[in-house]
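Enquirer: Take a look at this one; I'll ask things after.
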Amino acid sequence: MNNTVANTARLIGAGLRALLVLTVMCGVLYPLAVTGIAQGLFNDKANGSEIKDASGKVVGSSLIGQTYDLPKSNPNDAEEAARPDLKWFQPRPSNGLGANSVNTRYSLILSGATNRSGDNGAVDGQCTEDAEEGTLCAQVITAKEAVVADNSTATYEVKPEDVPADAVTSSGSGLDPHISPAYAELQVHRVAEQNKLEVKQVEKLVSDHTEGRTLGFMGEPRVNVLELNIALKALTGH
């Protein structure tokens with residue numbers, strides 16, 4: 001009887017000591033070590049890859065896209081369609097075209113894109129103006145028309161064939177903060193006209209904020225829209 005009680009007490013004591021040691025190691029020392037290393041070596045990334053404007057105010061993350069829309073005439077009207085503020089460089093659509101999934105307009109509730117196939121609504125493998133309403137082809141055609149209309153100016157005409165794919169489709173996450181250099185360059189004349197700037201000034205902004213492939217070979221060249229618009233804001237004084 002005494003041996004049984006002693007063995008039980010010894011096992012409980014050993015279990016409690018193991019629990020204490022593991023709690024200190026895994027619940028205190030390891031998190032402190034990982035946090036310390038992250039803050040010391042990767043401070044910016046560990047804190048959310050924050051982006052600050054010229055005044056030092058945090059305005060977003062380099063990992064998450066944002067919209068640049070005009071204020072609604074009635075903020076309480078959920079049905080009122082958002083209209084892009086053409087003074088700013090515009091991001092790629094969020095989640096397909098922002099209307100065919102749960103996560104619309106770069107909302108962070110969910111991450112994901114449209115589940116429609118690339119040929120949804122296509123006829124003989126081609127997206128045409130006869131595409132059925134509500135299909136991806138029909139939405140892409142409508143989006144392309146809007147891109148052409150928004151970015152054509154008195155001195156610069158955008159042709160439909162010049163519109164890159166990322167101007168009318170979303171990324172896989174629906175939250176991509178980047179656009180292609182081609183889409184940024186397509187917007188240059190409109191941004192210059194809207195802000196009363198020289199085209200060369202805006203072209204230089206795009207060039208300065210174009211990132212190359214990661215390590216020189218991974219991914220594609222890209223432009224972070226938030227960083228580009230912060231530079232534009234500093235240039236124009238908006």
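Taken together, the values in this text are just the output of simple stated rules run on the coordinates, not laboratory data. Not measured: the values here are computed from a predicted model. Note: ideal-geometry Cβ built from the backbone for every residue, glycine included; neighbour counts use all protein chains shown.
Enquirer: Please tell me which of these pairs span more than 19 angstrom C-alpha to C-alpha: K72/K144; K204/K233; K52/K200; K196/K233?
Expert: Cα-Cα > 19 Å for K72/K144; K52/K200; rest within.
Enquirer: Now for a separate question. For the pair A38 and E161, how long in nm is the line joining their label points, each one 7 Å along Cα→Cβ?
Expert: My value for the distance between the label points is 5.0 nm.
Enquirer: Let me ask something else about it. If r is the Cβ-Cβ distance from A182 to N47 and R0 is 30 Å, what FRET efficiency results, to the nearest 0.05?
Expert: Efficiency, rounded to the nearest 0.05: 0.40.
Enquirer: From the residues C137, Y156, T8, which one has its Cα farthest along the dipole of the chain in the positive direction, the dipole being from +1 and -1 charges on Cβ of Lys/Arg and Asp/Glu about the Cα centre?
Expert: Result: T8, furthest along the dipole toward the positive end.
Enquirer: Let me ask you something else. Just check the range 190-238 against the gyration tensor rule for me: Cα atoms, a ≥ b ≥ c as the square roots of the eigenvalues, rounded for a/c under 1.5, and otherwise prolate or oblate depending on whether a/b exceeds b/c.
Expert: prolate
Enquirer: Place +1 on the Cβ of every Lys and Arg and -1 on the Cβ of every Asp and Glu in the chain, take the dipole about the Cα centre, and give the residue among F89, V123, P31 whose Cα lies farthest towards its positive end.
Expert: It is P31, whose Cα lies furthest towards the positive end.
Enquirer: While we're on this one: Gap in Å between the Cα centre of the range 1-27 and the Cα centre of the range 118-132?
Expert: What the calculation gives is 69 Å, centre to centre.
Enquirer: What does the extension gain come out to for V58 and K204, with contour length at 0.36 nm per residue minus their alpha carbon separation?
Expert: Extending this stretch completely gives an extra 50.1 nm.
Enquirer: At 7 Å along Cα-to-Cβ for each site, give me the label-to-label distance between A9 and T142 in nm.
Expert: Once both label points are built, they end up 7.8 nm from each other.
Enquirer: Let me ask something additional. Which of rounded, prolate, oblate describes the range 51-236, given a ≥ b ≥ c as roots of the alpha-carbon gyration tensor eigenvalues and a/c under 1.5 marking rounded, otherwise prolate only if a/b is larger than b/c?
Expert: Here the range 51-236 falls in the rounded category.
Enquirer: Right, here's the next one. Calculate the spin-label point distance for T153 paired with Q194, positioning each point 7 Å from the Cα along the beta-carbon direction, and give it in nanometres.
Expert: Label at Q194, label at T153, 1.1 nm between them.
Enquirer: A further question on this structure: Which parts of the range 170-209 would a label at R83 reach, counting a residue when its backbone N lies under 11 Å from a point 7 Å out along Cα-to-Cβ?
Expert: So the set is empty, nothing qualifies.
Enquirer: At 0.36 nm per residue, and after removing the present C-alpha to C-alpha distance, how many nm does the segment from N76 to S111 gain when stretched out fully?
Expert: Contour length minus the Cα-Cα distance gives 10.1 nm.
Enquirer: Every cysteine in the chain with no other Cys Cβ under 4.7 Å from its Cβ, please list them in numeric order.
Expert: C26 - these cysteines have no disulfide-compatible partner (Cβ-Cβ under 4.7 Å) in the chain.
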